[in-house]
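The values are calculated or read from the model by the stated rules, or taken from the named source; none is laboratory data. The structure displayed is predicted, hence computed values, not measured ones. Note that we place each Cβ from the backbone using ideal geometry, even for glycine, and neighbour counts take in every protein chain shown. Side chains are part of the model used for accessible areas, which takes the heavy atoms of the whole protein and leaves out ligands, DNA and RNA. Shrake-Rupley method; radii C 1.70, N 1.55, O 1.52, S 1.80 Å.
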Amino acid sequence: MISLWNHQDAAQFSGDLGQRIYTSRLLGREPALVLHGGGNTSVKIRETNLFGEEEQVLWIKGSGRDLQTIDATGFSPCRMAPLLRLTQLPALPDTQMARELKCSMTDPSAPAPSVEAILHALLPHKFVDHTHADALIAVMNTPDGAARVREIYGDRVVILPYVMPGFQLARLCAERFSQEAGPQTVGMVLLQHGLFTFAETARDSYERMIELVTLAEEYLARHAAWNLAAPAPAQPASVREPRTEIARLRRDLSQVAGKPLILISHPGEKYAAFARREDIATLSQQGPATPDHVVRTKRLPMLGRDLETFRAAYEQYFQKNAARAGRELRMLDAAPRVILDPDLGLLTAGPTAKEAAIAGDIYRHTIDIILRATALGSYRALPAGDLFDVEYWDLEQAKLRSAATPPMFAGEIALVTGAASGIGKACVESLLRRGAAVVGLDLNPAIVEMHQRPDYAGFICNLTDESHIARAMESAVQAFGGLDMLVLNAGIFPKATPLSALSTSAWRQVMQINLDANLALLREAHPLLALAPNGGRVVVIGSKNVPAPGPGVAAYSASKAALQQLARVAALEWGPDKIRINTIHPNAVFDTGLWTDEILTARARSYGVSVDEYKTKNVLGVEVRSHDVAELAAEMCGPVFAKTTGAQVPVDGGNERVI
């Protein structure tokens, strides 16, 4: 582990809180230390209150905040005095502790403090850092982990046994830290949980963390447990159609969960080899690397695709442990969040793409931890009861009770063609706003970087090449697990040409893109749409030229009319598969790449009107934008149109010829 401290960078962060922010970000940049809101940091600062009195305030990372991007608004300022007084109580329910932590805050608009706030308060040091370092966890998660930790650090750290995070841990620390710490103490190890370091400066606390983690890495290296062996070459998979199998697995997962789930595939021979290990049932069926991971990954991954066995085992686990809880608990859904399959490799699930990706990040690190602990002797996680207590923590149950209604398309996947501009780009945005994970296809390379977020994937695709379409479907399934919604938007509008001058090659080019490509897309998408948990949906972006063609655009009008017939036949054939197919006919949508300022000006002049008048030249006198078309496309995929298929709806402000 290398220190990332840089004097010039550090100088840009003024004051104790600024230094705390800087070193927190350094910790957050290293996934082997913290992942997705894990770990926490704090600093104790003397401040003057409203009455002119000086008091000590603990600035601690807010619950769930990400250290990599944290700023001042991500910290919670808590008065130290009430926090320290809480340590005198013999017991404190966690829900009440959370209320007391909020009451201690000097700024009620700040985020809720970390549940470790009391522990940070009682440690007698200005700066405190806490991580879940992979290397140390690999050492701790062995049968003789405590002895190994003592061998690595000697008396430089206080070692505490595992107890439930929150008040129980703070009480244990209050009882033992002052007795066991000495002048040589620079850290504290919480077995099977994590590592604390502390100092009077942010730099010293951070660099002590780097030093102690490095010692754990060096210990693993000395015991031939650091550099993991390369996986054996892959065996040919027995799955004939992986994307259909993944989509079927996602459908079944969603049925067990009672809601659509995203299912992400994690390519790499390392993960496939782990799933194929002969001892995988021993290695993987013990528990997560640290107890806080259970909230993201559940206690165990599913081996293979036997969902019924996994569901039954999870329900038994809940019933056994809930009986001793002493309070009413609401069982979480019984669907796994991590799947290890010998043919499909590593897959992770979640109600959103972000949550599925987080589960993947965590489990990829967990695999390394398991393999390194195994190289030391064997991997051992916490008992199921301890993990259940974290999974069904009062604070987690409270989150369930207060959770907001998920967005319309949470857990669902949409694919949009021609998505880099105009109506296609607007469709991507409308679907993302409604909670869908979206795959965008376009020839324009800008499609790849159009959105930087976990619920979007853009792929360059030539729709006139059927092999490109097949690869795009494969990529969509690898990214999110299947397909629920398909928006057929890509097309070309050629230069106006009278029939007498229309060449066969020009005709065929338009048909190839506007019609043939959509036939191939529908054909490739059908098996996936038929496996959509809530039924498949297709929206075809048609044209006013279907009901009301104009002169000079024979190829375009014919291609769109043929596409409409194709959609109608698909609606008839695919209804039994619970796939609904509807069409939107836009007209005069001027905020697309087809309409330049020069063309608009010329068209308006030919009608003897201004550009603004030309844009609103319809019955309602309104301008139709890409956003308007996209919003209707998104709604057509939603519950309002749940019983509609084969429909054709104009979005044109009212066209006299169509009417």
If I fit a long axis through the Cα atoms of helix 353-376 and take the longest principal axis of the Cα atoms of the chain, what angle between them do I get, 0 to 90°, rounded to 10? 40
In the chain, if the dipole is taken from +1 on Lys/Arg beta carbons and -1 on Asp/Glu beta carbons about the Cα centre, which of 88, 585, 195 is farthest to the positive end? 585
Tell me the per residue accessible area of the range 30-83 using a 1.4 Å probe; a whole number in Å² is fine. 44
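How large is the dipole of the chain about the Cα centre if only Lys and Arg carry +1 and Asp and Glu carry -1, each at its Cβ, rounded to the nearest 20 debye? Kindly include the intermediate steps, with their values, before the conclusion.
Working: 66 positive and 72 negative charges, 240 e Å.
For this selection, approximately 1160 debye.
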Residue 464 accessible area, assembled protein chains, probe 1.4 Å, Å²: 50
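Could you check how much of the accessible area of the range 457-582 is carbon and sulfur, as a whole percent, using a 1.4 Å probe?
Numbers: 2900 of 5110 Å².
Taking all protein chains in place, the range 457-582 shows 57 percent carbon and sulfur surface.
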With no solvent and one point per C-alpha, what does the Debye sum give as log10 I(q)/I(0) for the range 1-131 at q = 0.11, 0.15, 0.22, 0.23 Å⁻¹? -0.38, -0.70, -1.35, -1.44
State log₁₀ I(q)/I(0) for the range 445-500 at q = 0.14, 0.20 Å⁻¹ as given by the Debye formula over alpha-carbon point scatterers of equal weight, solvent excluded. -0.51, -0.88
Apply the Karplus curve 6.51 cos²θ - 1.76 cosθ + 1.60, θ = phi - 60°, to the phi angles in the range 612-629 and return the couplings in whole Hz, x for Gly and Pro. 4, 5, 5, 5, 10, 7, 8, 4, 7, x, 10, 8, 9, 10, 4, 4, 5, 5
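Can you give me the orientation-averaged projected area of the convex hull built on the Cα atoms of the chain, in nm²? Walk me through the numbers before you get to the answer.
Numbers: hull surface 143.1 nm².
Seen from a random direction, the Cα hull of the chain projects 35.8 nm² on average.
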Relative contact order (%) - the range 481-579, alpha-carbon pairs under 8 angstrom, separation at least six: 41
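If you take the C-alpha gyration tensor of the range 34-106, multiply each eigenvalue by 5 and take the square root, what semi-axes do you get, largest first, in whole Å?
Numbers: eigenvalues 95, 69, 18 Å².
Three semi-axes, in Å: 22, 19, 9.
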Kindly express, to the nearest 10 degrees and within the range 0 to 90, the angle between helix 554-574's C-alpha long axis and the longest C-alpha principal axis of the chain. 60
Only helices counted: for the chain, with every DSSP H run of 4 or more residues adding -39500 (n - 2.57) and the sum spread over all residues, [θ] at 222 nm is -13000 deg cm²/dmol
Eigenvalues of the alpha-carbon gyration tensor of the range 127-258, times 5 and square-rooted, give semi-axes in Å, largest first, of 39, 21, 14
On full extension of the chain, what length is gained from residue 453 through residue 279, given 0.36 nm per residue of separation minus the C-alpha to C-alpha distance? 59.0 nm
Here the range 266-283 yields Karplus 3J(HN,Hα) values (6.51, -1.76, 1.60; θ = phi - 60°; whole Hz; Gly and Pro given as x) of 10, x, x, 5, 4, 6, 5, 5, 4, 5, 8, 4, 5, 9, 4, 5, 7, 5
How high is the FRET efficiency from residue 218 to residue 10, r the C-beta distance, R0 25 Å, rounded to 0.05? 0.40
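State whether the range 267-418 is rounded, prolate or oblate according to the following rule on the C-alpha gyration tensor (a ≥ b ≥ c being the square roots of its eigenvalues): a/c under 1.5 gives rounded; otherwise a/b larger than b/c gives prolate, and the remaining case gives oblate. Before the final figure, lay out the partial values.
Values: a/c = 1.83, a/b = 1.07, b/c = 1.70.
Since a/c reaches 1.5 but b/c is at least a/b, the shape of the range 267-418 is classed as oblate.
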How large is the Kirkwood hydrodynamic radius of the range 129-185, in angstrom, based on all distinct alpha carbon pairs? 12.5
Residues whose modelled amide H sits under 5 Å from the amide H of residue 458, counting only those 5 or more places away in sequence or on another chain, are 440
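Cα gyration tensor of the range 352-444, axes a ≥ b ≥ c as square roots of the eigenvalues: rounded (a/c below 1.5), prolate (a/b > b/c) or oblate? Each step should come with its number before you reach the end.
Values: a/c = 6.09, a/b = 1.73, b/c = 3.52.
Oblate is the answer for the range 352-444, as a/c is 1.5 or above yet b/c matches or exceeds a/b.
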C-alpha long axis of helix 597-607 to longest principal axis of the chain, angle in °: 30
Stokes-Einstein D for the range 471-587 (4 °C, 1.567 mPa s, Kirkwood Rh from Cα pairs), in µm²/s, comes to 86
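Kindly state, as a whole number, the per residue volume in cubic angstrom of the convex hull around the alpha carbon atoms of the range 251-344.
Numbers: hull volume 10.7 nm³, N = 94.
For the range 251-344, the hull spanned by Cα atoms encloses 114 Å³ per residue.
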What fraction, in whole percent, of alpha-carbon pairs in the range 69-142 exceed 14 Å separation? 67
Averaged over every viewing direction, what's the projected area of the C-alpha convex hull for the range 502-659? Give it in nm², one decimal, please. 10.3
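Give the carbon-plus-sulfur fraction of the accessible surface of the range 326-389 in %, rounded to a whole number; probe 1.4 Å, heavy atoms of protein chains only. Walk me through the numbers before you get to the answer.
On the way: 980 of 2070 Å².
Carbon and sulfur atoms account for 48 percent of the accessible area of the range 326-389.
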If contacts are Cα pairs under 8 angstrom and at least 6 residues apart, what is the relative contact order of the chain in percent? 10
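For the range 186-281, state the semi-axes of the equivalent ellipsoid (square roots of 5 times the eigenvalues of the alpha-carbon gyration tensor), sorted largest first and rounded to whole angstrom. Spell out each step's value before the answer.
Working: eigenvalues 326, 96, 27 Å².
Over the Cα atoms of the range 186-281, the semi-axes work out to 40, 22, 12 Å.
Calculate, in nm to one decimal, what residue 643 and residue 55 gain on full extension: separation in residues at 0.36 nm each, minus their alpha carbon distance.
Difference between extended and current length: 205.3 nm.
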For the range 576-659, the Debye formula with one identical point scatterer on each Cα and no solvent gives log10 I(q)/I(0) at q = 0.15, 0.21, 0.24 Å⁻¹ as -0.63, -1.00, -1.17
May I ask you to list the residues of the range 509-526 whose amide nitrogen lies under 11 Å from a point 7 Å from Cα along the Cα→beta-carbon direction of residue 466? 517, 519-521, 523-524
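Which entries of 578/617; 560/615; 560/643; 61/354; 320/354 show an alpha-carbon separation above 29 angstrom in the structure shown? Mind showing how you got there, number by number?
On the way: 578/617 39 Å; 560/615 23 Å; 560/643 25 Å; 61/354 21 Å; 320/354 31 Å.
In this structure, 578/617; 320/354 lie more than 29 Å apart at Cα.
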Just to be sure I understand the model, the point goes 7 Å from the Cα along the line to the Cβ. What's the resulting residue 444 to residue 241 distance in nm? 3.4
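Find out how many positive minus negative residues lie around residue 389, taking Lys and Arg as positive, Asp and Glu as negative, among other residues whose Cβ is under 11 Å from that of residue 389. Mind showing how you got there, number by number?
Details: positive: 324; negative: 94, 386, 391, 394, 396.
Its environment carries a net charge of -4.
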Burial order of peptide ranges 443-452, 133-142 (average beta-carbon count within 10 Å, highest first): 133-142, 443-452
Could you look at the range 111-266 and say what percent of its accessible area is carbon and sulfur, using a 1.4 Å probe and all protein chains? 50
Pull up all non-local amide H partners of residue 579: gap of 5 or more, or a different chain, and H-to-H distance under 5 Å with H placed in the peptide plane. 536
Take every DSSP beta bridge with both residues inside the chain and express the antiparallel ones as a percent of the total, to the nearest 5. 50
Could you give the length gained on full extension between residue 404 and residue 147, defined as 0.36 nm per residue of separation minus the Cα-Cα distance, in nm? 87.9 nm
Calc'd 3J(HN,Hα), the range 493-503, phi into Karplus 6.51 cos²θ - 1.76 cosθ + 1.60 (θ = phi - 60°), Hz, glycine/Pro = x, comes to 10, x, 4, 4, 9, x, 4, 5, 10, 7, 7
For the range 373-498, alpha-carbon Rg relative to the globular expectation (2.2 N^0.38 Å, N residues): 1.54
